[in-house]
Amino acid sequence: MAPLGISSGLMYANYNEGGPAIQESEYSINFNGTDGYVDTGDTYQSTIRGSFTISAWAKLDDISAGHSLIGIEISPTDQLHISHFASGTTLRVFFEADSNDNVLEETDAAVFDTVDVWKHIAVTITKNSGGNTGIVIYVNGSAVASTTTNALTEANHNAYTSNLNLYIGAINDDGSPTNFWSGNIDEFAIWNVALDADAVAAVYNSGVPLDLTSNSGNYDNSGDLVAYYRFNEGNGTTAIDEGGSNNATLVGGATYSNDSPA
């Protein structure tokens, strides 16, 4: 194994045998559950109009109420949010475009069945030519739920429209933050493709965050990144986008934490 090096708050271990560049994250964002969120500064409208993937490491310190990992909501026509469903263990994905929706709820108790446990969450959304949009939820590298049953057509998907910035740790509800995350989020990424199952498993990397800016094994999508917030700045109110050009802003009770998945 090559020597360890430290760069921008990260520690890497590169394997000569071609293994992954392991990223030991030193920080994450802690969200207070009442007014903290991260404003990405972008609508990601063009990305959401195609196939895409959202990935993050997350943990909750409160599972008695609903909390949103990310969200945009333009009532009543266009919205995207990924949330812990109120008073349960469900992970819920809601995607609506052009007044048509596709809702997927994951009810496996292993998602958020206890507090203060890091989970890797990935959601792939696939725009299907001539068919309905498909959604797959992955938890810790494995697919746990999928759907194409609701009537979100290719034309509907193409018509998704938003003038609201995507929030991390809350829903941007017509310009107002709601449904705040309570706990930590780390390694947030968006790709402009729907990652395949092998790539998602590689990103999970057996519980150790991967450097998503470099291809490794079954992960060959570094060139498809449109946003990547490592949250390793450690202080201040800015989060650097290392996958695109939209540095994010920490707002309210969103602060850097030295808690991290690995």
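The values are calculated or read from the model by the stated rules, or taken from the named source; none is laboratory data. The structure displayed is predicted, hence computed values, not measured ones. When we count neighbours, we look across all protein chains shown, and the Cβ atoms used for this are built from the backbone with ideal geometry, even at glycine. Protein only, heavy atoms only, side chains kept; ligands, DNA and RNA dropped before computing areas. Shrake-Rupley method; radii C 1.70, N 1.55, O 1.52, S 1.80 Å.
Observations on the model:
- Leading residue at positive end of dipole, the chain (Cβ point charges), from Pro76, Thr153, Tyr37: Thr153
- Helix-derived mean residue ellipticity, 222 nm - over the chain, DSSP H n ≥ 4, -39500 (n - 2.57), to 500: -1500 deg cm²/dmol
- Rolling a 1.4 Å probe across the protein heavy atoms gives segment 163-262 an accessible surface of 36 Å² per residue.
- Using only side-chain charges placed at the Cβ, +1 for Lys and Arg and -1 for Asp and Glu, the dipole size of the chain relative to its Cα centre rounds to 180 debye.
- Thr149 versus Thr161: modelled label distance in nm, points set 7 Å from Cα along the beta carbon direction: 3.1 nm
- Using the Cβ-Cβ distance between Gln45 and Asn215 with R0 set to 25 Å, the FRET efficiency from 1/(1 + (r/R0)^6) comes to roughly 0.40.
- Value of relative contact order over segment 140-262, rounded to a whole percent, pairs C-alpha under 8 Å and six or more apart: 21 percent
- Separation in nanometres of the label points that stand 7 Å from Cα toward Cβ, at Asp98 and Ala110: 3.7 nm
- The share of C-alpha pairs in segment 209-262 whose separation exceeds 13 Å stands at 63 percent.
- Counting protein heavy atoms only, segment 72-173 has 45 percent of its accessible area on carbon and sulfur, 1.4 angstrom probe.
- Quotient of Cα Rg and 2.2 N^0.38 Å for segment 100-238, N being how many residues it contains: 1.12
- Unit charges at the beta carbon, dipole of segment 177-247: most positive-side option, Ala189, Ser206, Asn179: Asn179
- Probe 1.4 Å, protein heavy atoms only - accessible area per residue of segment 17-133 in square angstrom: 34 Å²
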